[in-house]
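Down below is the structure, laid out as structure tokens.
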Amino acid sequence: MHKKIARWVQDKKSGIKRAVVTAYDYPFARLAAEAGVHGILVGDSLGMVVGGGGDTLGVTLEQMAYHTGMVVRGAGDCLVFADLPFGSYEKGPEQAWGAAVTLLRAGADVIKLEGGAEMASTVAFCSERGINVCAHIGLTPQRVRQWGSFQRQGTDVDSARRLQADAGALAEAGARFLVLEAVPDALAANITRDITIPTIGIGAGPDTDAQVLVMHDLLGLGTESPPFARRYIEGGRIMRDALAEYVREVGNSQFPPHRKR
């Protein structure tokens, strides 16, 4: 097992929590690594966060590989996760394996894919061929057009049982990690207790083994953040004020300063 992943597994046993953020380029990855973040996710959320799209479905495998390469160069000792984008893995295990290889060659340590028990055979195929897989259940953004909106999942008995079964099937198939997004706190706690692989929560309460947030949400760079995200600073306001000051100084001939002849 990869030494970094083995450490995550040991920390789960010891009750030590880990912090993960998204990043899409070198500067933000470097900042995360310098801050002591444990994992960086190169998410297909880049289509929304840095691309301005309404969902993640337009992101391509080539774009994911490009951004993964930038992140890896700044990630230091962070474990780097990379998303398989919509359309790059759903046809079957062979397609998923080929797409995963592309992201591994870009430098990713772990490949993430969305879906429940129906993806178990794909997870097993990739895992048996040397790929570290992170599965993702609950709110799976690549299915937003099927649902019609970004909906909280597992809120009734039947859907909670289905997610619990999905988690077990994916862990049994060889997934190294499991992302739980927008599910009830108690369900996330139960799944985390019942499987041996580390869970990573987003909007899933405090009891998962790790937490992940979109970098731009926690830095206050987006115009809107999901209700579970905490804005640790109002980075957007700080940056706008700096830019406005630059504009003012240029307009007043204060920048660049006059040089003595």
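Values as computed for the structure displayed
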quantity: Flag if residue 39 is in contact (Cβ under 8 Å) with a residue 60 or more places away in the chain, surrounded by 22 or more Cβ atoms within 10 Å (Cβ to Cβ) and either out of contact with any Ser or Thr (no Cβ under 8 Å at 6 or more places or on another chain) or hydroxyl-bearing (Ser, Thr, Tyr) (or both); calculated: yes
quantity: Residue check for residue 6: in a helix (DSSP H, G or I) and over 17 Å from residue 136 (Cα atoms); calculated: yes
quantity: Some residue of region 223-244 being of a type in the set (Lys, Arg), closer than 21 Å to residue 203 by Cβ, out of contact with any strand residue (DSSP E or B) (no Cβ under 7 Å at 6 or more places or on another chain) and surrounded by 11 or more Cβ atoms within 10 Å (Cβ to Cβ); calculated: yes
quantity: Search result, residues across region 24-55 that are part of a loop (DSSP other than H, G, I, E, B), over 18 Å from residue 110 (Cβ atoms) and not charged (D, E, K, R); calculated: 36, 50, 51, 52, 53, 54
quantity: Where a residue in region 156-182 is of a type in the set (Asp, Glu) and its partner, wherever it lies, is in a helix (DSSP H, G or I), with Cβ under 7 Å and at least six apart; calculated: 166/117
quantity: Every residue from region 83-126 that is buried (at least 21 other Cβ atoms within 10 Å of the Cβ), under 17 Å from the mean Cα position of the chain (by Cα) and outside any loop (DSSP other than H, G, I, E, B); calculated: 83, 100, 103, 110, 111, 112, 113, 114
quantity: Single residue of region 2-18 satisfying the filter (within 27 Å of residue 129 (Cβ to Cβ) and touching a residue at least 40 places away in the same chain (Cβ under 8 Å)) that is surrounded by the most Cβ atoms within 10 Å (Cβ to Cβ); calculated: 8
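Taken together, the values in this text are just the output of simple stated rules run on the coordinates, not laboratory data. If you're wondering where the values come from, they're calculated on a predicted model, not measured in any experiment. Neighbour counts run over all protein chains shown; Cβ positions are idealised from the backbone, glycine included.
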